[in-house]
2 protein chains.
Amino acid sequence: MKGKTPKKAELTRAKIVDVAMRLFLDQGFEKTTMREIASAAGLAPGAAYYHFESKEHLIFDFYEITFQKHLPEAEKILAEEKGLAKRIAGVVKAHLKVSEPYVEISKVLFRIAADPVNPLSPFSKASKDLRDRNIEILRRCLQGHKLDKTLAAKLPELLWMYKMGMILYWLHDTSPKRSKTYEFVDKTSALVASLIQLSRLPVLSGFSKKAVDLFEAYKIF
Amino acid sequence: MKGKTPKKAELTRAKIVDVAMRLFLDQGFEKTTMREIASAAGLAPGAAYYHFESKEHLIFDFYEITFQKHLPEAEKILAEEKGLAKRIAGVVKAHLKVSEPYVEISKVLFRIAADPVNPLSPFSKASKDLRDRNIEILRRCLQGHKLDKTLAAKLPELLWMYKMGMILYWLHDTSPKRSKTYEFVDKTSALVASLIQLSRLPVLSGFSKKAVDLFEAYKIF
């Protein structure tokens, strides 16, 4: 660590990420160089490369920081809420809330990352570790609830797809403070929870099985 | 029409659209000027503006041409196929098939048009007329099939959302000749058709009503 304590290195990394996100927003992701990022962070020209291999790595750190920020709120909901709809809605809204200051940069990132083969896409191989940890939180939302057996194994991934859909809605929401998205999450979570409960009906088990098989065969992550 | 027969003007318009699409693909939408488009089409510098108000209008013509090209195949399916799944799949695949030569430009357009407030987005106000005609074809897919009453009014729009989803999958499909998307359309259409049939069960009517209300309140078009 070249004499730096891990703590200090971490702060420098966070500062670089913060400065980079502002530059990406102002002048675009493609046009911004690592040299400019270092300079804007008050560091020597090569310093950004000391901490990050590339601009892409910088964005992964941004994703990671956002994930870590939303964790305490997500944990709180999982500890306190019993109802399935509220657990799902709470976890999704926790992620949106910590992302609020970054909505504009998120729009820029969406344009870059919409293609699933782009490493920065939430569906990419490079995103697997973070995606798995997000899916794990959604798996925990389901704890304490009876589930159709076929559906149970795939539900966390399906809920993660639902969460991605809510993020897409949030990105394009033009209502004041994006309040419409938060209402939409509450209402769709209630619908999703009732669908999960309905899926235990024998009449729907054939449908559930087909839907799950299809998801598994054609999912893009 | 300045002495031109409508037929000739139409051919010139189609030629301009064709040339423009190639330029957008090669050098990007933003960077391409109307002057360059005219020149590449072998016309006088101002000629592109004689036929099109702006680059955006050019893209609307491209959408319209694609729609018109897929119509005969869609009509054929509606006349010949009785089964709900095959009618839906056939209409969706007809649109994909005529779009095959334009998949690369469609990826470029997707990046521009992903935002629903962008006039070029399929969800925009400016796209309403074309969207309504596409929704009308999906309404006709449902003819001759018994539907849950609550769902019936909104199903054509929901099917159109489903079609948009399939186009998104197609855009990102890396399988040879995008054959995976065509299979996926067949299988998801079967699932959608069985869900439409299941929705007539009394146990699901509450769910259908809530889902339709939510769609109506939060849809982005």
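B:LEU201 passes every criterion in (1) modelled with pLDDT of 95 or more; (2) open to solvent by 50 Å² or more (accessible area, probe 1.4 Å); (3) not charged (D, E, K, R) apart from (1).
The set of residues in segment A:159-178 being over 19 Å from the mean Cα position of the chain (by Cα) and within 12 Å of chain B (Cβ to nearest Cβ) consists of A:THR174, A:SER175. Checked against (1) modelled with pLDDT of 95 or more; (2) away from chain B (no Cβ under 13 Å), A:ALA152 passes all but condition (1). Can you say whether A:ALA114 is surrounded by 14 or more Cβ atoms within 10 Å (Cβ to Cβ), without any contact (Cβ under 8 Å) to a residue 40 or more places away in the chain and under 12 Å from the mean Cα position of the chain (by Cα), as far as the supplied structure shows? In short, no.
Being among the basic types (Lys, Arg) and over 12 Å from the mean Cα position of the chain (by Cα) is the filter; apply it to segment A:123-140 and report the residue that is farthest from A:GLU56 (Cα to Cα). Walk me through it before giving the result.
Taking segment A:123-140 first, the residues among the basic types (Lys, Arg) are A:125, A:128, A:131, A:133, A:139-140.
Narrowing further to those that are over 12 Å from the mean Cα position of the chain (by Cα): A:125, A:139-140.
Numbers: A:LYS125: 14, A:ARG139: 28, A:ARG140: 30 Å.
That would be A:ARG140.
Sub-7 Å Cβ pairs linking a first residue in segment A:150-162 that is in contact (Cβ under 8 Å) with a residue 12 or more places away in the chain to a second residue that is aromatic (Phe, Trp, Tyr) and open to solvent by 20 Å² or more (accessible area, probe 1.4 Å), at least 6 apart or interchain, are A:LYS154/A:PHE215; A:LEU158/A:PHE215, ordered by first then second residue.
Rundown of residues vs (1) among the acidic types (Asp, Glu); (2) over 22 Å from A:MET21 (Cβ atoms); (3) touching a Leu at 6+ places or on another chain (Cβ under 9 Å), yes/no style:
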| site | (1), (2), (3) |
| --- | --- |
| A:TYR63 | no, no, yes |
| A:GLN68 | no, no, no |
| A:ILE77 | no, yes, no |
| A:LEU84 | no, yes, yes |
| A:GLU100 | yes, no, no |
| A:GLU104 | yes, no, yes |
| A:ARG111 | no, no, no |
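Regarding B:THR181, is this residue within 27 Å of A:LYS219 (Cα to Cα), among the β-branched types (Val, Ile, Thr) and in contact with a Phe, Trp or Tyr (Cβ under 7 Å, 6 or more places away or on another chain)? Criteria met by B:THR181.
Considering B:PHE221, B:PHE123, B:PHE184, B:PHE207, the condition of being facing chain A (nearest Cβ under 10 Å), buried (at least 16 other Cβ atoms within 10 Å of the Cβ), within 27 Å of A:VAL185 (Cα to Cα) and touching a residue at least 12 places away in the same chain (Cβ under 8 Å) is satisfied by B:PHE123 alone.
One residue stands out among those in segment A:126-149 that are free of Cβ contacts under 8 Å to residues at least 60 places away in the same chain and of a type in the set (A, V, I, L, M): the one that is nearest to the other protein chains (Cβ to nearest Cβ), which is A:LEU147. Evaluate the following for B:LEU151: is it open to solvent by 30 Å² or more (accessible area, probe 1.4 Å) and not aromatic (Phe, Trp, Tyr)? No, not satisfied. What do you reckon, is A:PHE29 open to solvent by less than 10 Å² (accessible area, probe 1.4 Å) and either modelled with pLDDT under 95 or of a type in the set (Phe, Trp, Tyr) (or both)? For A:PHE29, the condition - open to solvent by less than 10 Å² (accessible area, probe 1.4 Å) and either modelled with pLDDT under 95 or of a type in the set (Phe, Trp, Tyr) (or both) - is not met.
Suppose we filter B:ALA85, B:ALA79 for residues that are open to solvent by 40 Å² or more (accessible area, probe 1.4 Å) and either among the aromatic types (Phe, Trp, Tyr) or over 24 Å from A:ASN118 (Cβ atoms) (or both); which single one remains?
Working: B:ALA85 fails: open to solvent by 40 Å² or more (accessible area, probe 1.4 Å).
Going through B:ALA85, B:ALA79 in turn, just one is open to solvent by 40 Å² or more (accessible area, probe 1.4 Å) and either among the aromatic types (Phe, Trp, Tyr) or over 24 Å from A:ASN118 (Cβ atoms) (or both): B:ALA79.
Cβ-Cβ contacts under 7 Å between residues 6 or more apart (or on different chains), taken from a first residue in segment B:10-35 that is assigned to a loop (DSSP other than H, G, I, E, B) to a second residue that is among the β-branched types (Val, Ile, Thr), are listed as B:PHE29/B:VAL108; B:PHE29/B:ILE112.
The values are calculated or read from the model by the stated rules, or taken from the named source; none is laboratory data. As the structure is a computational prediction, the values presented were derived from the model and not from experiment. Cβ: placed from backbone, ideal geometry, glycine included. Neighbour counts: every protein chain shown. Accessible surface areas use protein heavy atoms only, side chains included; no ligands, DNA or RNA. Shrake-Rupley method; radii C 1.70, N 1.55, O 1.52, S 1.80 Å.
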